[in-house]
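What follows is calculated from the coordinates using simple rules that are stated; it is not laboratory data. Note that this is a predicted model, so its numbers are computed, not measured. When we count neighbours, we look across all protein chains shown, and the Cβ atoms used for this are built from the backbone with ideal geometry, even at glycine.
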Amino acid sequence: MKDGRHYSKEDIILISESAIGKSLDEILNSKLIKIGKDKNKGGLGQLIEYYLFDIENNSESEPDFIDAGIELKVTPYKRIQNNQLSAKERLVLNIIDYNTEFANEFRSSHFWYKNNKIQILWYLWTEDGNKYTYKFTNYKLLDLAISEDLKQIESDWNEIITKIKDGRAHEISEADTMYLGACTKGANANSVRTQPFSKIKAKQRAFCFKTSYMTQLVRKYIGDYSNVEKIISDKSKTFIDYVNDVVDKYKGKTQKELLSIFKLDSKAKNINSMLVNRMFNVTGNIGETEEFLKANIIPRTIRIEENGRIKESMPFPTFKYKEIINQKWEDSDLRNTLEETKYMFFVFKMVDDEYVFKGIKLWNMPEIEIDNYVKKVWMKTVDVIKKGSIVKSIDSNGVRTTNFPGMSENLICHVRPHAANAEDTYELPVKDKHTGLNEYTKHCFWINNKYLEKLFSEFL
DNA sequence: GCATGATCATGC
DNA sequence: GCATGATCATGC
């Protein structure tokens, strides 16, 4: 058998090209290969590696194509509601060896050695397909050394390494970083490893390109990318350095001053987010720019009152009763969102009767909080829905009190309505016992305003 | 004053 | 029409 590990870059491209428009079944047929479907348990990636690129399954620390220095990745994308394309999953790279990787520099790291050139082969995932029928549609050689994102990726790598050096590998979260993440990888949450500067065992993790980052690559190289704005044109800066430069320029200015700087005259409710968009000189919303989308960063404006209070809690997207009860906490929408999303809060504080722009806070919820506090709220919510015990009582005005976990039960979050009105509902999987209703007002998880106040105490 | 239910406003 | 960010209203 040929040893595909010695293929050249040109070979790799030719072979990739030969797969375009075909499914695994079609590739095997064209090569007259028959494999017993029952005897292979490998994923599509492994099958392609073996049958298309002639590489034996291995767990080598070298790149798959050793001579060309290229790693092969087979990865899915999908079509979502509004006909847009989206990566189906993050791109998982090499497992992080906590005990050795910290001693390296970025360019001498295991990560760099294995992944600095990645041949991506994309296939279109569909609900009704399987690994033999998904069609390969595109390929692209990612050369990180010349990537416009290199600076940010290096900075992300360093951030992960810093946590290891600080003896905090067990506190690493995928949302800590922008493009390059550290995702959990292992049979289950109990797959743990030792770390060099702490006795606490840390979850096994691998470097990865986040789903949000992969989605932008999919749109750029496969889909339509004409409407996406970029905020940075300078390759020598990381995304976050650029943001800080912009923020420093306007920090300390009052809302009135900013309105005059940007020649805006508006009393709109979203006036602060309009001002933020102007600071970054984009025509749309900064949350829709390439950099924010890649890093899965959601911008939010926060208003702090004179006395330090934050009046309102912060809502998440509504959940569907029928869907949430079929999820497991470990891969629930809420947990995934919190694990993968970073928030960039633009803080406006009331000083002498006027809101002043005080700067930004970049934040993602620590996993310890997600898996302790938020989990409890989620579990109780699912339990209430499953038992059909949503409504606790109805007062004389018809206002209903629910058994969903409230603000006083948990330090971090609670469940409350989030709908156009009480009649704006989703179907229930189980009839509500108290009322007999088959549908109920849309609800969602909210982050408690008190928790937010603590989060922003540095701005007082 | 606070917790909780309810709803508004905007943009796609 | 709907999702989402933002806010209001009421009763204890």
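The per residue volume of the convex hull around the alpha-carbon atoms of the stretch A:218-298 is 115 Å³.
For the stretch A:297-372, the list of GluC sites (Glu not before Pro) that fall in a loop by DSSP and count at most 16 other C-beta atoms within 10 angstrom reads A:GLU305, A:GLU306, A:GLU312. Of the cross-linked pairs A:LYS210/A:LYS294; A:LYS375/A:LYS431; A:LYS253/A:LYS358; A:LYS185/A:LYS342; A:LYS151/A:LYS230, those separated by over 18 Å at the C-alpha level are A:LYS375/A:LYS431; A:LYS185/A:LYS342. Rounded to the nearest 5, the antiparallel percentage of DSSP beta bridges internal to the stretch A:4-221 is 75%. Estimated at 0.36 nm per residue, the fully extended path between A:TYR132 and A:GLU439 surpasses their Cα-Cα distance by 106.5 nm. A crude spin-label estimate for the pair A:ASP166 and A:LYS199, with each label 7 Å from Cα along the Cβ direction, gives 2.2 nm. With R₀ set to 25 Å, the beta-carbon distance separating A:ILE231 from A:VAL192 gives a calculated FRET efficiency near 0.05.
Each principal axis of the Cα atoms in the stretch A:4-221 has its own extent, and those three values, largest first, are 53, 42, 37 angstrom. Take the Cα of A:ASP245, step 7 Å toward its Cβ, do the same at A:LYS386, and the gap between the two points is 5.3 nm. Structure shown: which of A:LYS34/A:LYS78; A:LYS386/A:LYS442; A:LYS256/A:LYS454; A:LYS78/A:LYS237; A:LYS78/A:LYS135 lie over 23 Å apart, alpha-carbon to alpha-carbon? A:LYS34/A:LYS78; A:LYS256/A:LYS454; A:LYS78/A:LYS237, as the Cα separations exceed 23 Å there. Only helices enter this figure: runs of n ≥ 4 DSSP H residues, each worth -39500 (n - 2.57), summed and divided by the residues of chain A, yield -8000 deg cm²/dmol at 222 nm to the nearest 500. Loop-located trypsin sites (Lys or Arg not before Pro) in the stretch A:274-325 (DSSP state not H, G, I, E or B) with no more than 16 neighbouring Cβ atoms inside 10 Å: A:ARG309, A:LYS311, A:LYS320.
Just to check, using Stokes-Einstein with a Kirkwood Rh over alpha carbon pairs, what's the diffusion coefficient of the stretch A:172-239 at 10 °C and 1.306 mPa s in µm²/s? This corresponds to a translational diffusion coefficient of 108 µm²/s.
Relative to its residue count, chain A spans a Cα convex hull of 184 Å³ per residue. For A:LYS328, a cut-off of 13 angstrom between C-alpha atoms picks up these aspartates and glutamates, skipping any fewer than 8 places away in its own chain: A:ASP371, A:ASP383. May I ask what percent, to the nearest 5, of DSSP beta bridges between residues of chain A are antiparallel? DSSP beta bridges in chain A are roughly 75 percent antiparallel.
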